[in-house]
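The values are calculated or read from the model by the stated rules, or taken from the named source; none is laboratory data. Just so you know, these numbers come straight off a predicted model, no measurement behind them. Backbone-built Cβ (ideal geometry, glycine too); neighbour counts: all protein chains shown.
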Amino acid sequence: MNYAAKLSLCALTLVLGSSLAVPTMADNYNRRVLLSNQSSRDIVEFYGSNTGTTEWQEDILGVDALASGEEVDINFDDNTGYCMFDFLIKFSDGSETTEERFNVCDYGTLTVQD
């Protein structure tokens, strides 16, 4: 094998090897969910965590509340690749509810009702 052929083979090996080591790009799933509060109570806290974690992440609403009849669009793309999320919803009257294994890649709306 001549020098030019060896150099080409080395270059090809480097290119192929480096492309396998690079993580894949985003999967292009839309992880946006419309949270629609159709209950008679205000939502004062809303937590969403992918099913790969055992702890709730930060309150997505922060200092805001989602009043009865209001909606908010939330992006759940946390760069982990997860589509399955658990939600914890806390209401103004002190009650709370959970929604488990909600697929944010397949469902575009989470409607909260009484």
Single condition Asn79 does not satisfy, out of (1) touching a Ser or Thr at 6+ places or on another chain (Cβ under 8 Å); (2) under 14 Å from Arg32 (Cα atoms): (1)
Number of the exception - Ser68 against (1) surrounded by 15 or more Cβ atoms within 10 Å (Cβ to Cβ); (2) at pLDDT 95 or above; (3) within 18 Å of Arg32 (Cβ to Cβ): (3)
Any hit, the stretch 54-62, residues being among the hydrophobic types (A, V, I, L, M, F, W, C), over 18 Å from Tyr107 (Cβ atoms) and crowded, with 17+ Cβ neighbours inside 10 Å: yes
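Results for (1) of a type in the set (Val, Ile, Thr); (2) more than 25 Å from Asn28 (Cβ to Cβ); (3) part of a loop (DSSP other than H, G, I, E, B), shown as yes or no for each residue.
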position: Gly48; (1), (2), (3): no, no, no
position: Gly52; (1), (2), (3): no, no, yes
position: Gln57; (1), (2), (3): no, no, yes
position: Gly62; (1), (2), (3): no, yes, yes
position: Lys90; (1), (2), (3): no, yes, no
position: Asp106; (1), (2), (3): no, no, yes
Failed condition for Thr80, given (1) under 16 Å from the mean Cα position of the chain (by Cα); (2) exposed (fewer than 13 other Cβ atoms within 10 Å of the Cβ); (3) outside any loop (DSSP other than H, G, I, E, B); (4) among the hydroxyl-bearing types (Ser, Thr, Tyr): (3)
Selection from the stretch 64-77 of residues that are assigned to a loop (DSSP other than H, G, I, E, B) and either over 20 Å from Phe91 (Cα atoms) or not acidic (Asp, Glu) (or both): Ala65, Ala67, Ser68, Gly69, Phe76, Asp77
Residue in the stretch 14-31 that is in a strand (DSSP E or B) and either at pLDDT 95 or above or surrounded by 15 or more Cβ atoms within 10 Å (Cβ to Cβ) (or both) present: no
